[in-house]
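Structure, as structure tokens:
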Amino acid sequence: MKKYNPTSPGRRGAEIVEYNNVLTRTDPWRPLVSGRKRDVGRNSKGRITVRHKGGGVKRLWRAVDFRYDKKDIPGRIVSLEYDPNRSGFIARVKYRDGEYRYVLAPQGIAVGREVITSEHAPVELGNRLPLQKIPVGTTVFNVELTGGKGAELVRSAGTGAIVLAQEGGFTHLELPSKEVRMVRAENWASVGAVSNPERALMTIGNAGRARRKGIRPSVRGTAMNPVDHPHGGGEGRTLIGRRRGPATPWGKPARGVKTRKKKKKSDDYILSRRRK
């Protein structure tokens with residue numbers, strides 16, 4: 001982590017990841033980079049569905065390979081790079097047939113390391129193989145939830161799932177949320193944990209840096225009028241003042257309330273719920 005001298009109130013609290021010791025000094029690989037319009041916080045109709053998102057510095061899109069359909073062909077990591085569109089770092093892999101691809105970089109991987117996606121791959125850092133071939137106690141990421149669809153689970157910085165058991169054609173995984181879930185044993189996963197675990201320790205420091213990251217200002221509900229928020233109103237600083245607990249601006253329960261559907265198809269695959 002990198003701390004700044006307190007030359008201003010914002011600098012006093014700012015703390016960021018020291019990228020120079022981890023990443024390769026190189027430009028992104030142009031054939032895998034493209035422009036992309038960021039409709040942040042909006043649905044397909046253009047309406048805001050997630051507040052406090054928008055603006056920020058323009059980003060180029062990196063085409064990261066989550067399908068891993070290049071099997072039984074070894075590849076060598078030629079660079080570790082920053083991706084503004086995700087929390088973990090990415091690695092540029094050069095395969096033996098000459099093709100380059102971006103993949104999610106695991107913790108502890110180094111430039112020059114060889115990786116492979118194969119059913120017969122050794123259980124080593126960065127390799128990808130079916131869950132049924134991975135021994136109990138191994139940490140995995142980029143877990144495939146539906147066969148052939150590609151990696152869907154455990155993709156954010158510093159996360160990793162633990163293989164707990166192999167039973168009845170399913171693999172029991174303890175996810176980062178501590179939920180224990182069954183995944184089909186023939187689905188694929190990568191060995192290791194996602195890179196950049198120090199991201200959770202970062203402190204933005206000031207409002208300007210948050211705006212450059214695409215985070216717009218938010219206002220407390222207690223600072224609003226009653227017509228604008230259920231928490232609003234009152235003389236001076238007041239509590240929420242609701243018997244039913246905190247609420248969203250639209251009156252729905254918030255904080256600690258279950259939002260998962262009661263009869264979801266995937267409930268049968270969950271052995272232990274995540275911690276509240």
Output for the stretch 202-223, where each listed residue is within 23 Å of LYS58 (Cβ to Cβ), out of contact with any helix residue (DSSP H, G or I) (no Cβ under 9 Å at 6 or more places or on another chain) and charged (D, E, K, R): ARG211, ARG212, LYS213
Residues that are surrounded by fewer than 15 Cβ atoms within 10 Å (Cβ to Cβ), of a type in the set (D, E, K, R) and in a helix (DSSP H, G or I), drawn from the stretch 199-227: ARG209, ARG212
Test: residue in the stretch 80-92 that is in the same structural domain as ARG30 (by TED's automatic domain parsing), free of Cβ contacts under 8 Å to residues at least 40 places away in the same chain and more than 30 Å from VAL17 (Cα to Cα): no
Given (1) touching a residue at least 12 places away in the same chain (Cβ under 8 Å); (2) more than 18 Å from the chain's Cα centre (by Cα), number of the condition THR49 does not satisfy: (1)
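For (1) in a loop (DSSP other than H, G, I, E, B); (2) of a type in the set (Gly, Ala, Ser); (3) assigned by TED's automatic domain parsing to the domain that holds GLY56, each residue gets a yes or a no:
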position	(1), (2), (3)
ALA165	no, yes, yes
GLU186	yes, no, yes
HIS231	yes, no, no
GLY245	yes, yes, no
ARG255	yes, no, no
LYS262	yes, no, no
Pick from the stretch 131-190, criterion closer than 13 Å to TYR269 by Cβ and among the basic types (Lys, Arg), ranking: surrounded by the most Cβ atoms within 10 Å (Cβ to Cβ): ARG181
Scope the stretch 1-39; condition surrounded by 14 or more Cβ atoms within 10 Å (Cβ to Cβ), at pLDDT below 90 and in a loop (DSSP other than H, G, I, E, B); matching residues: TYR4, ALA14, VAL17, VAL22, ARG38
Filter pass, GLY160 being more than 30 Å from SER8 (Cβ to Cβ), out of contact with any Lys or Arg (no Cβ under 9 Å at 6 or more places or on another chain), at pLDDT below 95 and assigned by TED's automatic domain parsing to the domain that holds LEU129: no
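The values are calculated or read from the model by the stated rules, or taken from the named source; none is laboratory data. Since the structure is predicted, the reported quantities are computational estimates derived from the model, not experimental observations. So basically every Cβ, Gly included, is an ideal-geometry build from the backbone, and we count neighbours across all protein chains shown.
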